[in-house]
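*Asks:* I'd like to ask you about the structure that follows.
The values are calculated or read from the model by the stated rules, or taken from the named source; none is laboratory data. The model shown is predicted, which means the values in this text are computed figures rather than measured ones. Virtual Cβ from ideal backbone geometry, glycine too; neighbours counted across all protein chains shown. Side chains are part of the model used for accessible areas, which takes the heavy atoms of the whole protein and leaves out ligands, DNA and RNA. Shrake-Rupley method; radii C 1.70, N 1.55, O 1.52, S 1.80 Å.
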Amino acid sequence: MKNQSLSQQTARRLYNLIAAEKKLAPGEKLPNELELAQEMGVSRATLREAIQALAAQGVLEIRRGKRYDAIIMDPPSYGRGPGGEVWKLEENLYPFVKLCAGALSDKPLFVLINSYTTGLAPSVLGYLLNLLVKEKYGGKCAWDELGLPVTQTGLALPCGATGRWFSE
């Protein structure tokens, strides 16, 4: 754990409790923040940072009773978690979109996903949105390439993909 901040170390310990030791079942609520911070021997601020890091990786879902009418996602192609675990868009996009779809209100307006991952076809984003959002809420899905305009030619240089679900 050299060169890791206390919040990174805490995230790794919390991840191990969840994933490796399976002391928490999927969907099970974490102990309250104060108790968990005391149990882990860290401040509440450190614990909050650790929880945010794990939520960003899709390990935890933060529920505060809030639902969202619109979600805009721009996930990274690749990253590492606090415990050194690898996050790859190709492997983690489905659970990430599923997690986000679970936070939508009863009458959402739209979901937008942009990706700059090489080789990820726009149709993949459309498929995920159809499967995880449209089947539940109706509406429409659209997907397309993202491009950077080339002023000299008036053409666009492909640089990514976008997928949109929107209510009718």
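*Asks:* If Glu49 satisfies every condition in (1) more than 24 Å from Pro108 (Cα to Cα); (2) at pLDDT below 85 but one, which is the exception?
*Replies:* With respect to (1) more than 24 Å from Pro108 (Cα to Cα); (2) at pLDDT below 85, Glu49 is out only on (2).
*Asks:* Restricting the stretch 1-36 to residues that are of a type in the set (D, E, K, R) and part of a loop (DSSP other than H, G, I, E, B), which is modelled with the lowest pLDDT?
*Replies:* Filtering the stretch 1-36 for residues that are of a type in the set (D, E, K, R) and part of a loop (DSSP other than H, G, I, E, B), the one modelled with the lowest pLDDT comes out as Lys2.
*Asks:* Oh, and also: Do you know which residues across the stretch 70-127 are of a type in the set (Ser, Thr, Tyr) and within 11 Å of the chain's Cα centre (by Cα)? Show your work before the answer.
*Replies:* Step one: list which residues in the stretch 70-127 are of a type in the set (Ser, Thr, Tyr), which gives 77-78, 94, 105, 115-118, 123, 127.
Result: Tyr94, single match.
*Asks:* Further question: Could you check the stretch 32-51 and list, in sequence order, the residues that are open to solvent by less than 50 Å² (accessible area, probe 1.4 Å) and among the hydroxyl-bearing types (Ser, Thr, Tyr)?
*Replies:* Answer for the stretch 32-51, where residues must be open to solvent by less than 50 Å² (accessible area, probe 1.4 Å) and among the hydroxyl-bearing types (Ser, Thr, Tyr): just Thr46.
*Asks:* Suppose we filter Val86, Val124 for residues that are β-branched (Val, Ile, Thr), modelled with pLDDT of 95 or more and open to solvent by 20 Å² or more (accessible area, probe 1.4 Å); which single one remains? Step through it out loud before you land on a result.
*Replies:* Numbers: Val86 fails: modelled with pLDDT of 95 or more.
Unique residue meeting the criteria: Val124.
*Asks:* Select from the stretch 104-117 the residues that are assigned to a loop (DSSP other than H, G, I, E, B) and in contact (Cβ under 8 Å) with a residue 40 or more places away in the chain and write down the one among them that is most open to solvent (accessible area, probe 1.4 Å). Walk me through how you get there before you give the answer.
*Replies:* From the stretch 104-117, those assigned to a loop (DSSP other than H, G, I, E, B) are 105-109, 116-117; that's our starting set.
Next, from what is left, pick out any that are in contact (Cβ under 8 Å) with a residue 40 or more places away in the chain: 107-109, 116-117.
Values: Lys107: 167, Pro108: 7, Leu109: 96, Tyr116: 113, Thr117: 15 Å².
Step by step, filter the stretch 104-117, then rank; the result is Lys107.
*Asks:* If I ask for residues that are closer than 24 Å to Pro158 by Cα, in a helix (DSSP H, G or I) and without any contact (Cβ under 8 Å) to a residue 40 or more places away in the chain, which ones from the stretch 118-143 would you list?
*Replies:* Result: Ser123, Val124, Leu125, Gly126, Tyr127, Leu128, Leu129, Asn130.
*Asks:* List the number of the failed condition for Gly154; all other conditions in (1) surrounded by fewer than 13 Cβ atoms within 10 Å (Cβ to Cβ); (2) touching a Cys at 6+ places or on another chain (Cβ under 9 Å); (3) among the small types (Gly, Ala, Ser) hold.
*Replies:* (2)
*Asks:* May I ask you to list the residues in the stretch 129-144 that are open to solvent by less than 50 Å² (accessible area, probe 1.4 Å), farther than 13 Å from Ile71 by Cβ and touching a helix residue (DSSP H, G or I) at 6+ places or on another chain (Cβ under 9 Å)?
*Replies:* Gly139, Cys141, Ala142
*Asks:* Evaluate the stretch 63-71: report whether one residue or more is surrounded by 15 or more Cβ atoms within 10 Å (Cβ to Cβ), touching a Leu at 6+ places or on another chain (Cβ under 7 Å) and modelled with pLDDT under 90.
*Replies:* Checking the stretch 63-71: not a single residue is surrounded by 15 or more Cβ atoms within 10 Å (Cβ to Cβ), touching a Leu at 6+ places or on another chain (Cβ under 7 Å) and modelled with pLDDT under 90.
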